[in-house]
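First the structure, in the form of structure tokens, and then the observations on it.
The values are calculated or read from the model by the stated rules, or taken from the named source; none is laboratory data. Treat the numbers as computed from the prediction; the structure is a model and nothing was measured. Cβ placement follows ideal geometry from the backbone for every residue including glycine, while neighbour counts extend to all protein chains displayed. Quick note on the areas: whole protein, heavy atoms, side chains included, nothing else; ligands and nucleic acids left out. Shrake-Rupley method; radii C 1.70, N 1.55, O 1.52, S 1.80 Å.
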There are 2 protein chains.
Amino acid sequence: MAQPLRPRPLPRVLLLTLIPTACWLLLRPLLDPSPPLPALHASVGFSIFALLGALYLVPALGSTFVHANLKGRDLLKTYDDPIPESLGLVCASIYTLLLILFIPFAFSDFFNSQQKSTNKPREGLVINEFPHHQLAVYLSSLLSLLMATMLGFLDDVFDIRWRHKLPIPIIASIPLLMVYYSERGATDVVVPIPLRWLLGSLLNLGPLYYVYMSLLSTFCTNSINILAGINGSEVSQALVIALSVILNDLLYLPWPVGFRIPLYLLGRGAEVEVGGVWGAGMAYGSRVLVERHLLSLYFMLPLAGVCAGFMYHNWYPARVFPGDTLCYVTGMAFAVVGIQAHFSKTLLLFFLPQIFNFVLSCPQLFGLVPCPRHRVPRFDAETGLLYPSTALFKEHAPSRLASLALRVLAALGFVRLTEDPRTGEITETTNLTILNVFLLRLGPMREDSLVKVLIASQVAGSVFAFVVRYGLAWLVYDGNRR
Amino acid sequence: MAQPLRPRPLPRVLLLTLIPTACWLLLRPLLDPSPPLPALHASVGFSIFALLGALYLVPALGSTFVHANLKGRDLLKTYDDPIPESLGLVCASIYTLLLILFIPFAFSDFFNSQQKSTNKPREGLVINEFPHHQLAVYLSSLLSLLMATMLGFLDDVFDIRWRHKLPIPIIASIPLLMVYYSERGATDVVVPIPLRWLLGSLLNLGPLYYVYMSLLSTFCTNSINILAGINGSEVSQALVIALSVILNDLLYLPWPVGFRIPLYLLGRGAEVEVGGVWGAGMAYGSRVLVERHLLSLYFMLPLAGVCAGFMYHNWYPARVFPGDTLCYVTGMAFAVVGIQAHFSKTLLLFFLPQIFNFVLSCPQLFGLVPCPRHRVPRFDAETGLLYPSTALFKEHAPSRLASLALRVLAALGFVRLTEDPRTGEITETTNLTILNVFLLRLGPMREDSLVKVLIASQVAGSVFAFVVRYGLAWLVYDGNRR
């Protein structure tokens with residue numbers, strides 16, 4: 001670990017192979033015959049540029065951030081070198097800029113007129129009239145992402161207090177809500193079968209739907225932000241979730257017929273109808289569903305690109321830190337696609353580790369158990385391993401409710417308690433985070449092993465989510481359209 | 001000048017009278033009978049909130065900015081107290097947040113359905129189908145404003161070099177251009193009569209129109225940014241231009257008939273037709289023109305509000321500095337309305353002092369004449385007055401071209417030169433800014449007098465602009481529609 005701060009080197013072969021690939025993907029839709037989903041080609045091309053942008057700009061701008069006093073010490077290392085902080089801003093800037101540049105590809109009927117002029121029978125996704133509504137949806141999503149970027153960076157610069165920054169994602173979600181309201185978006189949800197005798201099959205939530213949407217953005221954002229503290233943790237969560245959403249979106253695209261076989265294996269094959277391009281995939285011929293999941297892909301592909309690029313530099317030992325900006329932008333991006341493409345319940349299934357971490361953290365977040373400034377695992381410089389960090393009951397003994405909660409968690413194996421040998425009262429507990437749970441269950445480990453365990457749990461969560469969504473959802477929902 | 005840094009006090013009567021007024025304006029459109037332009041009522045209400053927001057938040061957040069190292073010394077004062085810098089960020093945040101909250105008022109057909117339910121004959125502006133196109137225009141404008149805010153703040157934090165930041169407004173204008181392109185916006189301009197024999201009456205600029213749009217945003221932004229340096233200069237320019245644009249917009253609204261009399265005095269009365277609400281004003285019954293100027297009002301009214309509120313604290317002796325953020329946001333706002341509401345030529349007429357300052361600055365901006373780090377007037381602590389600042393030809397004598405330019409400017413009275421008595425070569429020149437020109441022509445004066453002179457010149461420029469636009473434009477254009 002001689003020179004930990006020298007930027008990680010980048011193989012030149014990457015640049016030489018990826019740039020031509022990306023350019024080809026951007027140009028391909030212009031060539032005849034145009035592919036079935038031209039905008040998706042361009043989106044993949046932009047995502048490669050997102051990856052390259054993050055790979056090359058993040059190390060290049062690191063010193064500028066240190067110079068502007070945006071730097072921090074790595075708490076879990078032996079060295080004291082200042083690490084550039086808030087580099088998530090670079091990712092967010094690349095991401096939003098590429099999304100803006102993508103607008104003509106997604107919404108111009110350029111490709112369409114190109115097809116017209118060749119006088120061929122049309123195939124694939126052809127949008128005949130200008131999709132003003134979708135453009136408004138896209139722009140409001142962009143506005144929310146930009147506000148999340150802005151607010152995340154303000155948080156990094158002004159260091160807003162924990163309790164004050166909880167509602168920030170609500171502010172960032174206002175553009176979404178406003179446009180949703182102005183366009184009189186639907187506010188009803190499909191009721192699960194077991195509850196239909198009570199609520200009917202469609203329930204109009206009205207204003208509560210807006211509360212739901214802003215809470216979703218708050219949850220997506222903050223739940224990533226509190227599962228943080230070790231190198232690569234924030235960005236790896238974002239990457240796995242983005243890839244899960246992408247995989248889920250791909251299921252709805254009009255693929256060639258052969259693709260439907262794996263769907264059959266998931267137990268839902270009996271209902272799949274054979275048909276034209278609109279009849280393939282899980283969309284069952286619904287153009288609206290395909291368009292929604294395309295929109296989701298347009299937002300998720302470049303996000304996966306920047307996250308992958310950033311992770312390269314944020315990996316143990318980290319050369320750069322993401323800051324709150326990255327958590328805000330990625331969280332908001334997930335909320336945006338969940339809301340705009342109407343799969344928020346599926347989305348939440350991909351957040352299982354975050355939900356677990358959030359629920360586990362509640363006693364500390366809401367003041368039942370003391371919450372130290374940092375809850376990251378404790379680093380032991382001699383062994384180089386991470387151990388569970390603890391919170392002490394210094395000022396007063398735990399309340400009866402706190403004792404009960406902690407003893408239940410201890411019985412489940414999620415915390416380790418230290419008790420006063422005389423009174424039997426709890427004097428110390430390991431901090432209530434999923435990272436400490438991993439260290440408790442699996443033993444002390446190196447920082448890079450811990451982040452790998454976190455990634456594995458995130459992947460396992462996503463696999464479980466797919467099983468639940470496509471294997472079990474028919475138990476409580478009759479349709480498959482949401 | 002005992003305690004220059006104590007925030008300027010705010011009369012409580014302001015809060016007590018303005019809040020009820022603003023609330024009334026927001027509620028008024030909901031009451032029966034609904035006014036002819038309900039959204040305009042709401043916009044005025046929001047503008048009052050913008051004023052109050054700037055008045056109260058700017059001093060409240062000053063210390064936070066100083067704490068985050070966003071501070072500067074006032075170069076033209078005797079004291080050394082740190083003044084909070086970049087408070088334009090607060091203005092920009094209030095402004096964009098209010099514009100976002102305004103979306104439902106501008107685009108929901110809530111008021112419309114409200115009217116329907118009362119079964120009354122409709123009057124005024126009733127939009128029957130959802131204006132998706134206008135929503136996209138509005139959202140893309142907001143995106144550009146947010147990007148300008150973001151980039152302005154990044155400039156303040158990272159202190160980007162002068163030459164590097166020139167193209168920043170082009171980046172911020174990308175959302176505008178992209179949406180304009182996606183929606184296949186018109187790219188043709190009306191040709192002045194004297195040139196029609198050559199170009200025809202409509203000229204399609206094609207891609208050049210996009211270059212024009214991004215150059216317009218660059219000009220609007222940077223021209224305000226370089227006419228800076230004394231307390232209140234940036235924000236007062238923005239305020240006068242915003243008020244001029246508002247006045248111009250008001251001419252196009254469907255006013256009651258009596259309003260047309262002053263138009264007659266401007267020499268164009270003979271063509272005004274008497275008619276319904278759509279026939280009044282300069283719109284001559286064109287619904288499109290009314291809607292464009294309404295859009296412009298929605299952006300300009302709250303801008304005038306925040307600028308007025310900010311000016312109160314930025315006025316001599318300044319308690320806060322605007323930073324680049326304010327110049328970026330206001331400049332971008334002007335560019336946005338000029339482009340989206342299609343009156344960019346009229347807009348440029350309101351920039352006469354900025355155009356003069358820019359043209360005058362060119363020899364220094366492009367390296368013909370040495371350009372010191374600061375070109376602000378020189379402060380003399382003994383007299384308390386400002387004197388023209390100078391640039392020295394230290395390293396080499398002026399080139400022949402530079403000498404010629406400077407001698408022409410000196411003959412026009414815009415610079416004062418110092419010559420070597422032996423060789424007759426120019427050794428020193430006053431800096432090429434409009435502020436130094438004022439000090440040359442009117443003699444040394446206090447900082448607050450100078451900013452008043454600047455405001456007076458801006459107002460005079462706007463008066464002249466109105467005379468040219470409505471008194472002389474018929475000489476070169478036959479219609480009055482642009």
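So, of the residues in segment B:133-167 that are at the interface with chain A (Cβ under 8 Å from one of its Cβ atoms) and among the hydroxyl-bearing types (Ser, Thr, Tyr), which turns out to be surrounded by the most Cβ atoms within 10 Å (Cβ to Cβ)? In this case the residue turns out to be B:Ser140. Out of B:Leu368, B:Leu404, B:Leu392, B:Leu385, one residue alone is surrounded by fewer than 19 Cβ atoms within 10 Å (Cβ to Cβ), closer than 30 Å to B:Leu239 by Cα and outside the structural domain of B:Leu227 (by the TED database). It is B:Leu385.
The residues of segment B:385-443 that are of a type in the set (Lys, Arg), without any contact (Cβ under 8 Å) to a residue 12 or more places away in the chain and part of a loop (DSSP other than H, G, I, E, B) amount to a single one, B:Arg422.
Evaluate the following for B:Arg441: is it open to solvent by 30 Å² or more (accessible area, probe 1.4 Å), within 28 Å of the chain's Cα centre (by Cα) and not acidic (Asp, Glu)?
Numbers: open to solvent by 30 Å² or more (accessible area, probe 1.4 Å): yes; within 28 Å of the chain's Cα centre (by Cα): yes; not acidic (Asp, Glu): yes.
For B:Arg441, the condition - open to solvent by 30 Å² or more (accessible area, probe 1.4 Å), within 28 Å of the chain's Cα centre (by Cα) and not acidic (Asp, Glu) - is met.
Applying the condition of being within 24 Å of the chain's Cα centre (by Cα) and among the β-branched types (Val, Ile, Thr) to segment A:25-82 and asking which residue is nearest to the other protein chains (Cβ to nearest Cβ) yields A:Val58.
Would you mind stating whether B:Pro82 is touching a His at 6+ places or on another chain (Cβ under 8 Å) and either farther than 29 Å from B:Ile224 by Cβ or in the same structural domain as B:Val320 (by the TED database) (or both)?
Considered against the rule, which asks whether it is touching a His at 6+ places or on another chain (Cβ under 8 Å) and either farther than 29 Å from B:Ile224 by Cβ or in the same structural domain as B:Val320 (by the TED database) (or both), B:Pro82 comes out as no.
Just one residue in the set A:Ile174, A:Ile170 is surrounded by fewer than 24 Cβ atoms within 10 Å (Cβ to Cβ) and facing chain B (nearest Cβ under 8 Å); that residue is A:Ile174.
Of the numbered criteria (1) surrounded by fewer than 20 Cβ atoms within 10 Å (Cβ to Cβ); (2) within 23 Å of A:Cys327 (Cβ to Cβ); (3) within 12 Å of chain B (Cβ to nearest Cβ), the one A:Leu89 fails is (1). For segment A:165-188, the criterion of being more than 24 Å from B:Met147 (Cβ to Cβ), in contact (Cβ under 8 Å) with a residue 60 or more places away in the chain and assigned to a loop (DSSP other than H, G, I, E, B) is satisfied by no residue at all.
Out of curiosity, is B:Leu347 part of a helix (DSSP H, G or I), more than 30 Å from B:Ala60 (Cβ to Cβ) and touching a Gly at 6+ places or on another chain (Cβ under 7 Å)? When the stated conditions are applied, B:Leu347 passes them. Looking only at residues of segment A:177-223 that are aliphatic (A, V, I, L, M) and within 14 Å of another protein chain (Cβ to nearest Cβ), we find that the one that is nearest to the chain's Cα centre (by Cα) is A:Leu177.
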